[in-house]
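Every number in this text was worked out from the coordinates using simple rules, so none of it is lab data. If you're wondering where the values come from, they're calculated on a predicted model, not measured in any experiment. Here the Cβ positions follow ideal geometry from the backbone for every residue, glycine too, while neighbour counts run over all protein chains shown.
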Amino acid sequence: MSLRIVVSSVSSDAHMWNLVYLQLLLEESGHEVTNLGVCPPDGTVMDACRGADRPDLLVLSTVNGHGHLDGLRLIRALRHDPELAALPVVIGGKLGVRGADAEESRRLLDAGFDAVFNESEQPAGHTLAAFGDYLAGLAQAAAVRERLVAGVPR
């Protein structure tokens, strides 16, 4: 099943290559992607996730090491907004400037992220594989919901 996905960096991250890579990867997998680009204010990210075109997933990608700070602020705002509180949101990349820090990942999960893909904590290649597994599970759940709404048994 194709998902509608918003891809964005965090407000302090001016790196674009990771967003383009994710967009191409997701589109090649059949998903519809809206790429918000670099340094979007939190309000811009939240507005892109509202209304009739509400995405199935928000993906935050960061390589500047400040994802643990900007990500916490944004996920708290999303989880306190009644319209966006249930939106699946994941974050990945270089989340901290100190390198691997399981505590930063735990704080992000505790704050409301559905998944955290911290490249500093996993062997090379495993982060992308874990993200792919997460997407597959999300797409499968969306397909089941769609069939239930249509009244079609599993």
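What to note about this one:
- A cut-off under 15 angstrom between Cβ atoms defines the neighbours of Glu27, and their net charge, with Lys, Arg +1 and Asp, Glu -1, is -2.
- Rule-of-thumb Rg ratio for the stretch 9-48 [Cα; 2.2 N^0.38 Å; N residues]: 1.19
- Each other residue within a Cβ distance under 13 Å of Ser105 adds +1 if Lys or Arg and -1 if Asp or Glu, for a net charge of -3.
- The order of Tyr134, Tyr21, going from fewest to most other C-beta atoms within 10 Å of their C-beta, is Tyr21, Tyr134.
- Kirkwood analysis of the Cα pair distances in the stretch 4-150 returns a hydrodynamic radius of 15.4 Å.
- 3J(HN,Hα) couplings calculated from phi for the stretch 33-45 with the Karplus curve 6.51 cos²θ - 1.76 cosθ + 1.60 (θ = phi - 60°) are, in sequence order, 10, 10, 9, 7, x, 9, 6, x, x, 3, x, 5, 4 Hz; Gly and Pro show x.
- Within the stretch 135-152: backbone nitrogen closer than 19 Å to the Glu28 label point (7 Å, Cα to C-beta): 135-136
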